[in-house]
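The values are calculated or read from the model by the stated rules, or taken from the named source; none is laboratory data. Note that the structure is predicted; figures quoted are calculated from it, not measured. Cβ sites come from the backbone with ideal geometry, for glycine too, and all protein chains shown count toward neighbours. Ligands, DNA and RNA are stripped out before the accessible areas are found, and what is left, the full protein with its side chains, is counted by its heavy atoms. Shrake-Rupley method; radii C 1.70, N 1.55, O 1.52, S 1.80 Å.
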Amino acid sequence: MKLLLLEDDYDYKISIKEYLESLDYEIDDFDNGEDALHAIYENNYQILILDIRVPKINGYELVKIIREDNISTPVIYITSLTDINNLSLGYELGCNDYIKKPFSPKELKYRIEQLIKLFYTKENNKKVELLPSFSYDIIKKQLFNQEKEILLTKKENEVIFTLVSNKNSFVSIENLRSEVWNDKYICEADIRVCIKKIRDKTSKDFIKNQRGVGYKIDRKE
């Protein structure tokens, strides 16, 4: 599997590259966004691992460009930025995951493996069938009732993506805070309001909840 790594700190880049190569990934590494962008158009990468603050074209601009050209390759940002507005911007532009520096190499390994499961298993190359009569395209992040698309806000879509990705398992409030809002202080009532709005657009049984456990969306087996 071929991955692209964009990191302008040479020592950090080499340490990540060598670790991923030890896991049998093929890595093309770059230290500026312009060269990385050219490589994305010239090669077929399965995952893009991007620092944000890099020369010429930064990580935000790079993702904005490729998403506007309908390149849906999964993106992991590796960054020392911690401000919620910076993190939110990345998701709005189309990234799939964040890892905050400094991080353990094993954390990157697990994040990559999770994206591979989500995007490159046979199951996820088509719409996921949901109960009672819905389907969700994980790649395009679109929800359908039969063949009719249901329009969602960004946050509603992220909630559904997170619940569908967990394959019939409950997702706790804490995990939703972390994965969707990226804010451990987000009010639980705000999460409930978002869940209610999704139910209003689908059905009252679309998202199930269990007190003290969390929420889930049932997938058809």
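Here are a few things to note about the model shown:
- Of the complete DSSP H runs in the chain, none spans 24 angstrom or more by Cα along the long axis with a mean Kyte-Doolittle score not below 1.0.
- If the convex hull is drawn through the Cα atoms of segment 166-221, its volume per residue in Å³: 82
- With N counted as the residues of segment 1-155, its alpha-carbon radius of gyration over 2.2 N^0.38 Å works out to 1.09.
- Of all DSSP beta bridges confined to the chain, the antiparallel ones make up roughly 45%.
- Cross-link pairs beyond the 29 Å C-alpha cut-off, checked among LYS17/LYS127; LYS17/LYS117; LYS2/LYS197; LYS109/LYS201; LYS127/LYS196; LYS17/LYS154: LYS17/LYS127; LYS2/LYS197; LYS109/LYS201; LYS17/LYS154
- Percent accessible area from carbon and sulfur atoms, the chain, protein chains only, probe 1.4 Å: 47
- As a rough guide to protection, the peptides 6-12, 72-78, 167-173 ranked by mean Cβ packing within 10 Å, highest first, stand as 72-78, 6-12, 167-173.
- Rounded, prolate or oblate (a/c below 1.5 giving rounded, otherwise prolate when a/b exceeds b/c) for segment 107-219 by Cα gyration tensor: oblate
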